[in-house]
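Undergrad: Dropping the structure in here first, questions after.
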Ligand code: SF4
Ligand SMILES: [Zn+2]
């Protein structure tokens, strides 16, 4: 069969990830699926990465093809962590037929698996079955659910992101995960639309505090401007600026728990950025910290001198929030 017709994941790569205090080899896979059922967050272009309409049976075949491709392409025995993302929810049975979970569990058995889902698809029975199938006794918690709660603030999640679920929904999903023997990795989004730099920083600091006891791992994504999104529309008009790297460093530094953070698009106008002169060492440093957990490195980076530092401080104190009319 010609190569272009072979089913492949959207992306898959070998890397390293921090788990507790160890740095372990990992495999990240982004599966192409039926697509996110919610499909309307303001900053998200991943939701466009999907197969067109097709019968569940065909979707199942396509996904089986992708898993087969992974089996052939990688030495899975050499990785310890497997992270499974889709452009939506791995646990949504419409997006990923349930049989795929069984095949994936067999393929990744014995690994520490992190799989992404929206909370409404966390089903105790399905999750228990998946967890039992990957569990060979190698890990105290062999499965974590990655849930993009984005913020603990329901107004920000609803108005600035359009995520369509509440913090209570997240907590319910997290509780069910726990009953099924899985842990939770929460994803936060730093600086969605409509927030000032200061509001965005405060939101992250509050969210990290309020996630205490509800997530064993937290990953913070600085917002990037993805193509074809509502966020891009605002950005093009100068009505949105991604977060300063200074803000990201400051949040990481003040956090009482370790946050993993990969500043995608760091240093570019669509990604988290400073002035252009100081960006690259800071982006690299944030990635290094994410893996090493070295807090002294964060202090050093934060003390780097650059002229844009004053600009950032000015923005924090002077930027005014958008104001919507209270009446019509
Ligand atoms: S952010 Fe997640 S839930 Fe929202 S539209 Fe994108 S894939 Fe769907
Ligand atoms: Zn600078």
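Throughout, read-outs are computed from the coordinates displayed, never taken from laboratory work. As the structure is a computational prediction, the values presented were derived from the model and not from experiment. Counting neighbours? That spans all protein chains shown, and the Cβs are built from the backbone with ideal geometry, glycine included.
Undergrad: As a check on your grasp of the helix formula, calculate [θ] at 222 nm for the chain: sum -39500 (n - 2.57) over DSSP H runs of n ≥ 4, divide by the residue count, round to the nearest 500.
TA: One gets -11000 deg cm²/dmol as the mean residue ellipticity at 222 nm.
Undergrad: At 7 Å along Cα-to-Cβ for each site, give me the label-to-label distance between residue 178 and residue 132 in nm.
TA: In this crude label model, residue 178 to residue 132 measures out at 2.2 nm.
Undergrad: Turning to a different aspect of this structure: Taking 7 Å along the Cα-to-C-beta vector as the label spot, tell me the residue 24-residue 168 distance in nanometres, rounded to one decimal.
TA: Those two pseudo-labels are separated by 3.6 nm.
Undergrad: What is the calculated FRET efficiency for residue 328 to residue 233, with r their C-beta to C-beta distance and R₀ = 35 Å, to the nearest 0.05?
TA: Rounded to the nearest 0.05, the efficiency is 0.90.
Undergrad: Compute the acute angle (0 to 90°) between the alpha-carbon long axis of helix 98-107 and the principal axis of greatest extent of the alpha-carbon atoms of the chain; round to the nearest 10°.
TA: 90
Undergrad: Please give the helix 56-73 orientation as an angle from the longest Cα principal axis of the chain, in degrees from 0 to 90, rounded to the nearest 10.
TA: 80
Undergrad: Further question on the same structure: State, to one decimal in nm, how far the label point of residue 140 lies from the label point of residue 71, with both points 7 Å from Cα in the Cβ direction.
TA: Computed distance between label sites residue 140 and residue 71 equals 3.3 nm.
Undergrad: Within the stretch 310-327, list the residues whose amide N lies under 14 Å from a label point set 7 Å along Cα→Cβ of residue 275.
TA: Output list for this probe position: 310-315.
Undergrad: Suppose R0 equals 35 Å. What FRET efficiency, 1/(1 + (r/R0)^6) with r the Cβ-Cβ distance, do residue 294 and residue 125 give to the nearest 0.05?
TA: 0.25
Undergrad: To one decimal place, what orientation-averaged projected area in nm² is obtained for the convex hull of the Cα set of the stretch 108-264?
TA: 9.6
Undergrad: A follow-up question, please. Relative contact order (percent) for the stretch 3-318, with alpha-carbon contacts under 8 angstrom and 6 or more residues of separation?
TA: It comes to 13 percent, rounded to a whole number.
Undergrad: For the stretch 18-135, state what percent of all Cα-Cα pairs lands in each successive 10 Å bin, counting from 0 Å until the bin that includes the largest distance.
TA: 13, 45, 34, 8, 0
Undergrad: Right, something else. Work out, step by step, the length gained on full extension between residue 39 and residue 13: first 0.36 nm times the residue separation, then minus their alpha carbon distance; give nm to one decimal.
TA: In short, 6.8 nm is gained.
Undergrad: Determine the equivalent ellipsoid of the chain by diagonalising the alpha-carbon gyration tensor, then write out the semi-axes as square roots of 5 times the eigenvalues, largest first, rounded to whole Å.
TA: Gyration-tensor ellipsoid for the chain: 33, 22, 20 Å.
Undergrad: Expressed as an acute angle from 0 to 90° and rounded to the nearest 10, what is the orientation of the C-alpha long axis of helix 245-254 relative to the principal long axis of the chain?
TA: Helix 245-254 and the main axis of the chain meet at about 80 degrees.
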